[in-house]
Amino acid sequence: MANSSSFNHRYTVITSLFLVSFLLTIFLFNKRALEPTLYFYRDFFPQTTTASHISLPNFTLPDSEEPVDSVIHQPISQNETIESKTGDDSRNMEVSTENEDDPDGGVDSGEDLIYNSTNVEVSSENKKDPDVDLESGGDLSGNGGDKLMESLKSCDLYRGTWVKDEEYPIYKAGSCPYVDEAFDCQGNGRKDSDYLKWRWKPNDCDLPRFNATDFLTRLRGKRLMLVGDSMNRNQFESMLCLLREGLPDKSKMFEIHGRRITKGRGYYVFKFVDFKCTVEFVRSHFLVKEGVRINAQGSSNPTLSIDVIDKTAGRWKRADILVFNTGHWWTHGKTARGKNYYKEGDYLYPKFDAVEAYRRALRTWGKWIDKNVNPKKQLVFYRGYSSAHFRGGDWDSGGTCNGETEPVLRGSILNNYPVKMKIVEEVIQEMKNPVALLNVTSLTNFRKDGHPSIFGKNVTAGIKVSSRRQDCSHWCLPGVPDAWNELIYATLVQH
């Protein structure tokens with residue numbers, strides 16, 4: 001009887017232990033099963049508060065261009081650089097082969113580039129979904145963030161309206177030291193300021209407010225590079241100013257060579273120390289190779305090899321995110337005339353159509369992207385044409401836009417789409433690698449009020465500035481290019 005009681009006791013203990021182990025195993029299994037989904041979400045949509053969960057590659061800069069002493073986090077001293085200041089200027093400045101019709105000589109013109117007609121919403125009401133936090137610096141996590149990202153998935157970001165928003169601009173005019181004189185309209189004496197208060201609003205969703213800290217977190221350890229003409233420099237300066245707003249210590253951002261931004265230089269690298277990332281600009285007017293030839297009289301004339309990628313392409317390979325543009329240099333002067341200018345191989349065409357040259361040049365660029373960019377590690381944007389708004393002429397023939405204080409509300413400018421943008425779409429469709437098209441044409445068609453006009457030069461000291469040569473193609477900063485960068489941010493959030 002005693003043996004039977006002892007046996008029953010052991011059976012009870014063993015059974016209890018088995019049940020406890022079984023239940024504990026189920027609990028642990030379910031907990032583990034939840035974890036991969038959570039970290040997958042964080043990896044693809046990193047938030048500032050979860051930066052420790054982001055796994056990114058080691059950050060490296062181009063050979064011989066390491067900008068920062070890793071111990072003290074300050075720019076390296078001048079005597080430690082490989083090249084002297086004057087030597088660096090002479091070797092790194094991209095000297096244009098243009099000797100006439102220079103659209104960057106204060107003005108970089110282009111066609112009036114139009115998309116489908118929409119109306120500008122002139123109401124100053126800022127309607128917001130209370131469940132979605134769209135404030136500047138707001139968090140995209142939680143139910144509101146889920147709802148925002150869900151709406152972005154099916155949203156065409158480029159069909160919409162400009163709405164008045166009293167919280168704009170994102171950074172105050174005059175507050176950013178990286179806006180060069182040509183785009184500093186308020187600093188140059190422009191008195192009206194309503195043009196600063198417009199925000200781009202897609203028809204079917206809201207853009208997330210630009211969150212500089214979140215953007216920099218997504219950029220941690222990476223290189224963002226803008227490649228193109230002075231319109232991309234316009235966007236580059238906007239990006240610097242927007243990201244600067246997310247830095248409590250502004251000294252933790254600097255140009256690695258100590259350079260001040262001017263239109264005369266073609267390469268800039270800005271380092272963000274705390275995020276170990278850079279934002280860079282590389283000038284390339286055409287994305288294909290500019291050259292010179294010696295004519296029968298012994299003079300040099302510019303050429304453009306539409307089948308050879310630009311000489312700066314070696315730098316493009318090193319970037320993680322690339323933003324390209326070209327177009328405004330194709331509309332005037334020798335480029336538009338096409339006489340003894342375009343080359344393929346060793347053959348110089350006596351006369352060649354500029355539109356076809358543009359198509360072939362873009363295909364050369366597309367083939368380079370397909371061959372040299374790894375879509376699993378690199379992201380490529382192409383920013384489309386932005387509209388010029390000249391009245392009574394062009395950039396070099398007396399065209400004007402001064403006195404414009406409101407966006408376009410109606411008219412033919414809202415009903416056209418340039419042939420060159422159709423070519424861009426065609427080339428991107430032909431490519432193997434994905435390219436995100438920042439199709440800003442439509443949203444810029446409205447903004448005749450956003451150009452520097454006569455305020456590309458400082459007139460506050462009573463200096464008389466000629467009204468005959470106005471800049472109606474570039475954009476004031478703060479201003480329209482900020483919306484282009486908001487669209488880049490929205491695209492990163494969207495995908």
Task: Protection proxy ranking of 329-335, 223-229, 160-166 - average other beta-carbon atoms within 10 Å, highest first - done: 223-229, 329-335, 160-166
Task: Compactness relative to 2.2 N^0.38 Å, alpha carbon Rg of the stretch 160-282 - done: 1.11
Task: FRET efficiency, 1/(1 + (r/R0)^6) with R0 41 Å, evaluated for K153 and S412 via beta carbons - done: 0.75
- [ ] Note the full-extension length gain between K197 and N433 as 0.36 nm times their separation in residues minus their Cα-Cα distance, in nm to one decimal.
- [x] 81.2 nm
TODO: For K432, go through the lysines and keep the ones whose alpha-carbon is under 24 Å away, minus same-chain ones fewer than eight residues off.
DONE: K153, K222, K289, K311, K317, K367, K371, K376, K377, K420, K422
Task: Gyration tensor verdict on the stretch 159-229 (Cα atoms; rounded if a/c is under 1.5, prolate if a/b is larger than b/c, oblate otherwise) - done: oblate
Task: Sparsely packed trypsin sites (Lys or Arg not before Pro) within the stretch 256-325, loop by DSSP, other Cβ within 10 Å at most 10 - done: R260
Open item on the list: I'd like the FRET efficiency for A296 and Y267, computed as 1/(1 + (r/R0)^6) with the beta carbon distance as r and R0 of 45 Å, rounded to 0.05.
Closed with: 0.80
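Read the figures in this text as sums done on the coordinates, not as results from a lab. On a predicted model such as this, the values are computed, not experimentally measured, just so you know. Neighbour counts are summed over all protein chains in view; Cβ atoms, including those assigned to glycine, are modelled from backbone coordinates with ideal geometry.
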